[in-house]
Amino acid sequence: MNLAHRTRLVARPRRLRASAALRALVRETHVNREGLVQPLFVVEGSDVVQPISSMPGVSRYSVDTVVRECRELAAVGVRAVLLFGIPDASSKDPYATINSDPNGVVQRAARAIKDALPELLVIADLCNCEYTDHGHCGILDAGGDVDNDRTLDVLAKTAISYARAGVDVVAPSDMMDGRVAAIRTALDDEGYTKTAIMSYAAKYASGFYGPFREAAESTPSFGDRRTYQMDPANGREALKEVRLDVEEGADIVMVKPAMAYLDVLARVREITDLPLAVYHVSGEYAMIKAAAANGWIDEERIVDETLTAMARAGADVIITYFAKDYLARTR
Ligand code: PBG
């Protein structure tokens, strides 16, 4: 009995899986190595390299050591970094005043990196949660809610000071309404028409940010971020958020987190011609690292598969704490 012949098996997809060369020949997706972005945490002080326990392999750097790290990143092929500033706790206030200080930690880091490595693209996360004493992403009203429109002024002012420090791309991650338009207008008014905006367009209120909040000391002192970040249950709303940011003048739109939101990423890919970014966040990194440290998964294989899945879902730009490692070992 030969059932395959009797049923006339004509399609044999396995034919193209027979060898590594055949599989490579017909491979549909490749990770854009030049589109990988390495996030970096910058603190005050000098000679600081402070490991973050929940993110093995990731450290906080001071302005001097972050330049050294950027040289290493550039040497393995990283072309863009995303800066997060962590000011001293004593300089935080309810209005995030320190965020737009020309001598703030992001501004100094941006100047130092651009001086040392003019070709390295410097993206700066633009948010207030690391700069307010209450840890929320905006300025509070009398009732303790985040005041959207007052926050826009603070974001715009900070965007200008980042641009002035040489930041190439500002990346607002606060999820206030109208922020892209406010930032674009402010930058243009000051002559920074070339400073690009990468908007965290669809950013969800996610448990996957846990390790980041330890790293950035940005956990809200009360409440949570559900009144401004998106409900994880909503997919259509992400499309609305993206359309708004496109209309307001975003240059690149982002979906965040990544793995649990690849359906959203794929849907966003369908509705915009803009470059699309995805943020593979701290909790996603920590989960892979922890399982690998236990010998439960093969880290390299899982990272390759994960980044490929993001590219397959439509990401042009992938922000990941694995960028340096991935580029170094796949050269
Ligand atoms: C700031 C910000 C956060 C992340 C990026 N920008 C934290 C948050 O919204 O609480 C998360 C990044 C990560 O988890 O890797 N608002």
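Any read-out appearing in this document is the output of simple, stated calculations on the displayed coordinates, not a laboratory observation. Everything numeric in this text was worked out from a predicted model, so none of it was measured. Quick reminder, even Gly has a Cβ in these numbers, built from the backbone with ideal geometry, and neighbours come from all protein chains shown.
Brief remarks on what is shown
- For chymotrypsin sites (Phe, Trp or Tyr not before Pro), the sites in the range 242-298 that DSSP calls loop and that have at most 12 other Cβ atoms within 10 Å are Trp296.
- Most mobile listed residue (Ala110, Ala291, Ala233) in the chain, GNM with C-alpha springs under 10 Å: Ala233
- Protection proxy ranking, highest mean first, for peptides 318-324, 189-195: 318-324, 189-195, where packing is the per-residue count of other beta-carbon atoms within 10 Å, averaged.
- Computing FRET efficiency as 1/(1 + (r/R0)^6) for Val48 and Ala260, where r is the C-beta to C-beta distance and R0 is 30 Å, gives about 0.35.
- Taking the centroid of alpha carbons for each part, the range 92-120 and the range 214-228 are 22 Å apart.
- Anchor Lys324: lysines whose Cα lies under 26 Å away (excluding residues fewer than 8 positions away in-chain): Lys114, Lys203, Lys256, Lys289
- Charge dipole of the range 186-312 (Cα centre as origin; +1 on each Lys and Arg Cβ, -1 on each Asp and Glu Cβ, all else neutral): 340 debye, rounded to the nearest 20.
- Theoretical gain in end-to-end length, His30 to Leu16 [0.36 nm per residue, Cα-Cα removed]: 3.3 nm
- Point-charge dipole on Cβ atoms (K/R +1, D/E -1) for the range 31-329, about Cα centre, debye to 20: 520 debye
- Cα centroid of the range 125-185 to Cα centroid of the range 46-74, whole Å: 25 Å
- Computed magnitude of the charge dipole of the range 39-154 (debye, nearest 20; Cβ of K, R +1, Cβ of D, E -1): 540 debye
- Extension gain, Arg8 back to Thr97 (0.36 nm per residue minus Cα-Cα distance, nm): 24.7 nm
- Model label sites at Glu299 and Asp141, defined 7 Å from Cα along the beta-carbon direction, differ in position by 4.7 nm.
- Ranked packing of 3-11, 241-249, most packed first, by mean Cβ within 10 Å: 241-249, 3-11
- Using a Gaussian network model of the chain in which every pair of alpha carbons under 10 angstrom is joined by a spring, one finds that among Val48, Val105, Val268 the greatest mean-square fluctuation is at Val48.
- Gaussian network model of the chain, springs between alpha carbon atoms under 10 Å - residue of Glu72, Glu214, Glu28 with greatest fluctuation: Glu28
- Under 13 Å from a label point set 7 Å out along the Cα-to-Cβ vector of Met287, the amide N atoms of the range 206-220 belong to 206-211.
- In a DSSP loop and with at most 11 other Cβ atoms within 10 Å, the trypsin sites (Lys or Arg not before Pro) in the range 24-111 are Arg27.
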